[in-house]
1. On full extension of the chain, what length is gained from Ala211 through Arg133, given 0.36 nm per residue of separation minus the C-alpha to C-alpha distance?
2. Which FRET efficiency, nearest 0.05, do Arg247 and Arg11 yield, Cβ-Cβ r, R0 30 Å?
3. In nm, what is the difference between 0.36 nm times the number of residues separating Asp21 and Glu267 and their Cα-Cα distance?
4. Which of the helices in the chain meet the span-like rule: DSSP H, Cα axial reach of 18 Å or more, Kyte-Doolittle mean at least -1.0?
5. Say a site is exposed when it is one of the trypsin sites (Lys or Arg not before Pro), sits in a DSSP loop, and has at most 10 other Cβ atoms within 10 Å; what is then the longest site-free stretch of the chain?
6. With unit charges on the beta carbons (Lys and Arg positive, Asp and Glu negative) and the dipole taken about the Cα centre of the chain, which residue among Leu190, Gly57, Ser331 sits farthest to the positive side?
7. Averaging over all projection directions, find the projected area of the Cα convex hull of the stretch 201-360 and quote it in nm² with one decimal place.
8. Assigning unit charges at the beta carbon (Lys, Arg +1; Asp, Glu -1) and nothing else, what dipole magnitude in debye, to the nearest 20, does the stretch 84-216 show about its Cα centre?
Amino acid sequence: MLPTPRPELMRMPQVAHGSLDYAELAGLGLDPDRTLDFSANINPYGPSPAVTKALAGVPVHRYPDREALALRRALAAHLGASPEQVIVGNGSTELLWLVALAFVRAGDPVVVVEPTFGEYARALALMGATIYRPTARPDRAFQVPLDEVAGDLRRSRPRLLFLCNPNNPTGVLLPPDSVLAWARDCPETLFVVDESYLAFASGARSVLDGAHENVLVLRSMTKDYALAGLRLGYAVGHPEVVDALARARPPWSVSALAQAAGIAALEDQAHLLRSLKLLAEAKRALVEGLGHLGLEPVPSAANFFLVPVGNGAALRRALLQRGILVRDCESFGLPAYIRIATRRTEENGRLLSAVAEVGL
Ligand SMILES: Cc1ncc(COP(=O)(O)O)c(C=O)c1O
């Protein structure tokens with residue numbers, strides 16, 4: 001008989017994600033290069049040209065710097081923090097897994113504010129945590145259920161709390177003050193705030209500005225800086241928390257290419273700001289276009305937004321047959337919704353035509 005894996009592994013929830021599923025496309029006879037992906041929330045204007053240039057000069061025969069010191073120094077300077085407060089990871093996904101690995105014991109109470117990115121609960125389930133899930137509701141405009149969160153914090157005194165801000169998939173932005181007040185009231189809880197989409201929310205404040213010892217901020221460089229294929233993210237927090245994550249991390253998890261790309265991307269803020277401005281305008285026009293088709297997108301602070309369509313999976317299927325991929329929201333417990341990430345104006349036009357053709 002084969003050795004059996006840990007029981008927690010078998011009980012872990014299966015998590016769906018956006019982005020192209022190459023096997024699915026092959027099954028449908030679709031060419032990935034000709035499929036327009038509205039399902040992954042990535043800056044469609046791509047990375048800075050400086051990134052491509054930097055990649056060409058990276059020696060790939062050597063191991064990367066295990067500590068990623070140059071990149072951490074660049075991030076620290078960008079954030080007004082010290083390098084000891086910053087850790088980089090193979091995408092923010094690796095970092096949130098490290099948080100679970102480093103801090104959560106079997107049976108620990110933890111809080112995940114739902115509906116949200118599925119990896120938090122997956123990582124926590126593998127650690128055997130008891131997960132409390134205060135959940136934002138459609139009939140309350142998907143606002144973070146502050147009373148429910150406060151109740152779960154009071155009753156369970158959790159080891160940690162995960163909050164995504166602005167939230168995936170709802171796009172709802174919570175001002176940092178609530179999190180900072182919770183952090184003050186619950187010093188024994190680690191508040192992990194995933195700000196992977198904060199750059200897309202023009203003018204939004206970061207919870208970093210109110211720096212609390214028990215707040216850890218996660219950021220992705222795969223979304224705003226468009227480095228999804230390279231995988232790069234970072235976390236900022238108290239040096240002792242950051243050190244715990246560093247101890248749990250496998251060595252060399254951030255490649256030399258990703259480190260060089262990260263430094264080059266950070267140096268070209270003009271490219272980022274230009275593309276974010278174009279994207280905000282493209283989003284406004286796309287939301288308006290969907291409105292003209294009789295749809296009512298949910299107001300969102302991010303580059304993506306939810307749209308109630310009746311049967312999300314059916315619309316996804318119909319659009320995919322036309323070479324257009326959107327995210328159906330069944331896995332978020334919202335089967336009546338799709339999530340659309342804004343792309344460039346001309347591509348958004350193709351989505352609008354396809355939706356009009358399919359009808360609802
Ligand atoms: C909220 C949120 N956090 C983190 C991630 C993971 O991003 P990364 O590519 O940095 O691993 C995603 C990806 O979809 C996300 O939606």
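1. Here the segment from Ala211 to Arg133 would lengthen by 25.6 nm.
2. Computed FRET efficiency for Arg247 and Arg11: 0.65.
3. Stretched fully, the Asp21-Glu267 segment lengthens by 85.3 nm.
4. Once both thresholds are applied, what remains is 91-103, 269-292, 345-358.
5. 106-360
6. Towards the positive end, the residue furthest out is Gly57.
7. Working: hull surface 46.9 nm².
That works out to 11.7 nm², a quarter of the Cα hull's surface.
8. Dipole magnitude for the stretch 84-216 comes out near 320 debye.
Quick note: the coordinates plus some simple rules give every number you see, no bench work behind them. On a predicted model such as this, the values are computed, not experimentally measured, just so you know. Glycine also receives a Cβ, built like all others from the backbone with ideal geometry; neighbour counts cover every protein chain displayed.
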